[in-house]
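Notes to accompany the following structure.
Each reported figure results from applying straightforward, stated rules to the coordinates on display, with no laboratory input. Only a predicted model underlies this, so the values are computations on that prediction, with no experimental measurement involved. Note that we place each Cβ from the backbone using ideal geometry, even for glycine, and neighbour counts take in every protein chain shown.
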Amino acid sequence: MKKLLIIGGYLPEYPRNRCFLMALRACFDVTEKQVGEREYLKFVTALFRYGKHQDYVWVMQPAQRFVLILFLFRFFFRVPIIFDAFTSIYDTFVEDRKLAGRYSIKAIYYYLLDFFSCRAAHSIVCDTKEHEQYFRRMFHVGNAKRFLILPVTIDCAFIDAITPEGLESVFPKQTFNVLFYGNYIPLQGIEYIIRAAHIIKNETNIHFTLIGAGQTRPFIESLYKELRLKNITFIDRMSYTDLIRHIKSSDICLGIFGNTEKARRVIPNKVLDCMACGKVVITGKNPEMARNFQDGVDIIFCTMADENDLAEKIFDVYTRHKTMKDIEKNAYATIKQKFSIENLEEKIRYIL
């Protein structure tokens, strides 16, 4: 069995990382060295001590801050470096969240981290083909550089084992409960959920529950107050296990709807989580989701950044919910087929 060093400032408990760690352990003789995001001395010590004896070095996301050390390691050793480019720092903080101006010092710094990370690595991991195209175009990565397309993956066994008992009081009783969870970033387009809730506010049996906190929550709450809505409940962040319990207790779930370029390139974790719970999911349509899901078969698509279409789809599911058991079953089956840990293992074995 080939040897693999997994190293970086990653969070092992983050669902995407946990699934990748499980799959990589099944495919390789793994050595794991987790360090703090800014613990550069620990990183360089572990990389040079263990990396030289491996067949591959996998730098788990977020990986960009260690780019100079990776160049140094590459100079001394010929061990292939795999850069886990799950997210672009520049894209996240400059183009999507707009936390730095495009020509600011911070933006240049973020851009250079992504740019040189692509050059320090022998292979680059992305979750969608659209993300690969973004990295090639934005950071001038030539066709000779190998990209490994490995989708976000769900631990179906973990989700199957969670039951929703004890959460009946969280959602209003005798209502049709629409659930969204997220960390309130622009690509999620939560403002369109609020406006959709306003459009169907007279349907008193439909209630929205929004779980999470983050950058846009103050704006979202001000919009909620401005529209004087009474059909939305806000809940703060919670553990992943409790989140799954809430999903299983809801009637339908919502994905992403943002009017950003990044929203057009991703398959969000939230969509996969909710489908794995056997829920009908309504989400904005993008090319990658259209390739993996079928509208009206295992998911319900609406137009991105369109509260009217979203409200129409929610009301349609509400009126026909009892006839949508096939969509719920198909959603679960699609996750098992395309986004399970077993499927990820097969892909890793094939490409590495």
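Using the beta-carbon distance between E13 and R228 and R0 = 45 Å, what value does 1/(1 + (r/R0)^6) give for FRET efficiency, to the nearest 0.05? If you can, show how the numbers build up before the last one.
Numbers: r = 39 Å, r/R0 = 0.87.
Here the calculated transfer efficiency is 0.70.
Taking the number of Cβ atoms within 10 Å of each Cβ as an exposure proxy, the fewest-first ranking of D298, D242, D29 is D29, D242, D298.
When R237, R264 are arranged by Cβ crowding within 10 Å, least crowded first, meaning fewest neighbours, the order is R237, R264. Maximal additional length on extending the M22-N205 stretch stands at 61.7 nm, based on 0.36 nm per residue less the C-alpha distance. Note on region 82-112 and region 135-150: Cα centroid distance 17 Å, given to the nearest whole angstrom. Across C277, C253, C27, mean-square fluctuation computed from a Gaussian network of the chain (C-alpha pairs under 10 Å connected) peaks at C27. Think of region 3-150 as a dipole: +1 on every Lys or Arg Cβ, -1 on every Asp or Glu Cβ, centred on the Cα centre; then among F83, V125, V44, V44 lies furthest on the positive end. Electrostatic bookkeeping for L229 treats Lys and Arg as +1 and Asp and Glu as -1; over the other residues with beta carbon under 12 Å from its beta carbon, the sum is +3.
Report the relative contact order of region 3-150, percent, no decimals, based on alpha-carbon pairs under 8 angstrom and at least 6 residues apart.
Details: 229 pairs, mean separation 30.1, N = 148.
Reported as a whole number, the value is 20 percent.
Counting only alpha carbon atoms, the long axis of helix 307-320 and the longest principal axis of the chain meet at about 70°. Listed as lacking a disulfide-compatible partner in the chain: C19, C27, C118, C126, C156, C277, C302, by the criterion of no other cysteine Cβ under 4.7 Å.
For the chain, the relative contact order works out to 15 percent when only alpha carbon pairs closer than 8 Å and six or more residues apart are counted. Charge tally for L344 (other residues, Cβ to Cβ under 15 Å; Lys, Arg +1; Asp, Glu -1): +1.
If you compute Rg and Dmax of the Cα atoms in Å for the structure shown, which of (i) 19.3, 60; (ii) 21.2, 67; (iii) 22.3, 69 do you land on? The value computed from this structure is option (ii). Springs join every pair of Cα atoms under 10 Å in this Gaussian network model of the chain, and among I105, I206, I300 the largest mean-square fluctuation is at I105. Taking 0.36 nm per residue of separation and subtracting the Cα-Cα distance, full extension of the segment from R237 to L72 would add 55.4 nm. In terms of surrounding Cβ atoms within a 10 Å radius of their Cβ, C274, C19 rank from fewest to most as C19, C274. Dividing the summed -39500 (n - 2.57) terms of all DSSP H runs of n ≥ 4 by the residue count of the chain sets its mean residue ellipticity at 222 nm at -12500 deg cm²/dmol. Of the residues M238, M304, M289, the one that moves most in a GNM of the chain with alpha-carbon contacts below 10 Å is M238.
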